[in-house]
Each structure stands twice: as structure tokens, then as C-alpha cells.
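Down below is the structure, laid out as C-alpha cells.
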Amino acid sequence: MKLSFLAWLFAVRTARRQGGVALECGSLLPLVVGSPAAGGVHGVCEAEALPHGRSFGVLREVFGPFRQQGWLRRAAAGCRSPGAAALLLLASSAFAQTGTGLTGKYYDNTTFTTAVTTRTDAAVNFDFGTAIPSGTAITAGDTYSIAWSGQVEGAFSELYTFFVTADDGARLWVNDELIVERTFAQGTGEMRGQTRLKAGRRANVRLEFIQQTGAAKVKLEWASASQARQVIPTIRLYPTTEVPNGGAVMREVWHGLAGASTSTMTSNANYPNKPASREFLTSFECLAKDWEDGFGTRVTGFIRAPVSGSYTFAVSGDEVVQLYLSTDATSANKALIASTTTATAFRDFAANASQTSAARTLVAGQRYYVELLHKEDTGADHWSVGWKQPGDAAFSIIPGTALMMPGTDLATPSTANYFNPEYRS
């Protein structure tokens with residue numbers, strides 16, 4: 001019998017739940033031994049090919065468990081139905097990998113601020129030794145940094161372990177989540193982090209590497225229950241990223257600081273290298289009000305504008321709040337744009353004129369370094385950062401979708417081992 005696409009799709013999904021796939025192919029098809037489809041093909045109907053314009057996304061979902069491209073091509077060859085054969089061939093194309101590698105941006109310092117070379121690297125598996133990375137404009141073999149970014153595509157819907165072998169520091173984000181971090185210099189050492197991937201779905205990936213002294217080496221590998229450990233191959237890597245659904249800025253805290261001036265924090269012997277704690281905020285606002293007395297806070301990261309245009313920023317807080325914004329991704333070009341030295345009500349951005357910045361022109365997708373200092377003495381405490389995007393009439397709290405975490409140019413915190421995944425339980 002002839003089925004509509006929706007009826008066919010229902011039949012396929014029903015068959016999938018029963019361990020097979022709904023296609024009339026005459027008999028059991030030749031299967032790859034050990035493949036997810038082995039022993040599970042049942043001829044139940046004659047299928048129609050996808051209507052013109054049907055997206056590969058549907059094919060990826062329907063044939064998710066049967067993702068081996070070779071199996072799909074052999075299945076097409078065995079089908080009596082021309083429509084089903086065409087569908088399977090189309091599905092095999094949907095699962096073809098076309099990766100070319102990751103975008104590597106090479107910086108002539110250890111702070112990711114002086115980019116000198118941008119290129120596509122087929123994989124991350126480098127042993128630079130003490131030499132300058134070949135093919136780059138880096139000038140010194142001991143003081144450089146590299147950021148690889150793009151997307152990674154898993155072959156299986158399961159938990160993946162990512163391995164970063166680095167000499168010296170490195171940080172790895174997968175799907176916009178930080179899963180590996182070591183911010184201090186060390187000889188070659190392996191770090192591990194885990195996250196789930198979906199078969200055929202691409203996830204953003206960013207690996208930051210710092211070379212500080214001696215020989216340099218960095219390698220990015222993965223493994224899963226169905227994937228033996230290997231350097232992530234070129235065909236699974238893509239050089240562009242998608243704008244993440246959410247990001248974060250980093251909050252650092254110093255305790256036991258009397259007074260309401262930020263200078264009591266910035267002049268402290270533990271500032272900025274040894275905060276008492278670090279955490280990530282998914283919006284530009286304090287997590288809790290009236291937390292404690294006698295502490296200082298620094299929040300750092302990047303703002304990424306969703307659209308190009310004129311932006312106005314504002315702060316509120318109790319007791320002292322200062323907001324700095326750079327003209328680019330470097331902290332060296334930051335300037336104070338808004339502040340309050342007298343306590344305001346929560347999210348009150350209009351108590352005094354200094355709380356509001358002059359209009360700033362931002363370019364969509366570009367990173368701008370941002371930093372907030374907050375000092376609490378006694379009594380109530382809180383802080384918030386708002387903005388007016390182009391066309392907005394009122395301030396709103398800057399959301400995580402416009403925030404990015406800072407890079408690896410951070411000194412070792414006092415609890416270094418806690419932040420090193422090698423030592424986490």
C-alpha cells in the first residue's frame with residue numbers, strides 16, 4: 001500500500017520503538033555486525049520519498065539509531081520501493097560528515113589580546129616544543145596563547161569524555177559549558193571533563209591554551225561508550241559557532257574587608273590573585289540580596305551585543321558599585337562608565353546621574369570586556385547591571401545570552417586544586 005509522509009513517519013517511529021525500521025525491502029537487509037540496526041529490520045510497508053524541501057533534520061531524528069552511512073546506502077540498494085530507496089539515500093547524505101576543523105586564533109601574548117594569525121586547524125594535536133608555532137606571526141616561543149573555536153558533532157547520543165593534554169594552561173567549553181580548566185603553568189598533564197552529545201547534532205566548542213614557559217604541547221581527544229579514545233577527527237569539527245542560548249560572567253569575592261571603598265579590596269594583598277571564592281552568574285546581577293557584611297566583589301567577562309547600535313548602561317546597588325567597559329575584548333582599554341557611591345534601592349537605576357552611562361556604540365557579535373566592582377560595609381547589600389538596547393525605552397537586566405565568561409588569563413586562586421578537574425572527586 002501507498003502511505004502519506006505523515007503515515008509513513010508514524011510507522012517508522014512505531015517500528016523504531018519495536019526495534020526495527022518500517023520499510024518494504026523484500027527481506028532482511030545486509031547489516032553491519034554490531035550496528036544499532038542489527039537484527040531489527042522488518043518489511044511492513046512501501047514508503048514514499050520525502051516531499052521536496054523536507055529538511056535533513058527530520059531524517060536525522062527518524063534514522064538517529066541507524067546513523068551508519070554505509071548501512072543506509074546498503075539498505076537503499078535492497079529496497080523494492082523506489083521512494084524508500086530515495087529516502088534512504090537522502091538520509092545517508094544527511095549523516096555525511098563535512099567538517100574541516102576548528103578556527104584557531106593565535107595571540108602574541110598570554111592574555112588573548114593581541115591576535116596575529118587566524119586559520120583553520122584540521123585538529124588540535126600539536127607538539128610545538130620550544131619553537132614558535134609554524135605558519136603564525138607569533139614572535140616569542142614562551143609567551144603566546146591560542147583559542148580554537150567552532151563546533152563538534154558527535155556520532156552517538158551518549159555521554160562523552162573530553163581529554164585535554166596541555167603544557168601549560170588550558171580551558172575547554174563544550175556546548176557553552178566549562179568542563180575543563182587549569183589556569184596555572186604545569187608540565188604536560190591530562191585533564192578530563194564530561195558532557196552529553198546528541199548524534200548528528202553540533203555543539204559549540206572552544207579550547208583556550210596558554211604557553212608560559214618551556215616546551216608547549218596541546219591535544220584534544222574524546223571517547224564514549226561507543227567511541228574509542230581518539231584525537232577528535234577533522235570530519236567531526238566545524239570552524240564556525242552558533243550564538244549560545246546562554247552565557248555567564250565570573251564573580252569573585254574577598255571577605256573580611258571593612259569600609260565602603262573599593263580601594264580596601266583592590267589594595268588587599270589577596271587581590272586579584274586569591275579570591276575566597278569564584279562562581280558564574282547567568283545574568284548580570286547578584287545572586288542574593290543582604291548576603292553578609294564587610295566583603296568585596298569583582299565580576300568579569302565579556303558582553304556580546306545581539307545587534308549593532310547604541311547602548312546605554314546603568315548600575316544600582318548598596319553600597320558602592322563601579323562598572324567598567326572596554327572598547328574591545330581587552331581589559332587594558334576599560335573605562336569607568338557608570339557608578340554609585342551611595343546606596344540605592346534594588347534595581348533603582350535613577351537615584352543619581354552617575355548611575356547611567358553615556359550612549360555606547362556596539363557591534364553585533366563582537367566581544368567587549370566588562371568589569372564590575374562592588375563593596376559592601378554593613379547593612380543591606382545588592383547590585384544590578386542593566387542596559388537599554390537599541391529601541392528600548394527602559395532598562396533591563398543584561399541576560400546570559402549577551403554574556404561570555406573570561407578567558408584563561410587568570411592567576412591561580414587560593415584553592416587552586418579545587419578548580420583543577422584533575423583533583424575533583
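Read the figures in this text as sums done on the coordinates, not as results from a lab. The shown structure was predicted, so the numbers you read here are calculated from the model rather than taken from an experiment. Glycine also receives a Cβ, built like all others from the backbone with ideal geometry; neighbour counts cover every protein chain displayed.
General remarks:
- Label positions at Ala380 and Thr161, each projected 7 Å from the Cα along the C-beta direction, are separated by 5.1 nm.
- Reciprocal of mean inverse Cα separation for region 102-238 (Kirkwood radius, Å): 14.9 Å
- Stretch gain in nm, segment Ala122-Val363, where the contour uses 0.36 nm per residue and the Cα spacing is subtracted: 83.8 nm
- Cα-based Rg and Dmax for region 319-388, where Dmax is the largest Cα-Cα distance (Å): 13.0, 40
- Computed over region 249-404, relative contact order equals 33 percent, with contacts defined as Cα pairs under 8 Å that lie 6+ residues apart.
- Per residue, the convex hull spanned by the Cα atoms of region 130-187 amounts to 123 cubic angstrom.
- Whole-angstrom Cα spans of region 249-404 along principal axes, big to small: 42, 32, 23
- Net length gained if the chain between Ala335 and Thr266 were fully extended (0.36 nm per residue, minus Cα distance): 23.2 nm
- Charge dipole magnitude, Cβ of K and R +1, D and E -1 - region 102-238, Cα centre, debye nearest 20: 440 debye
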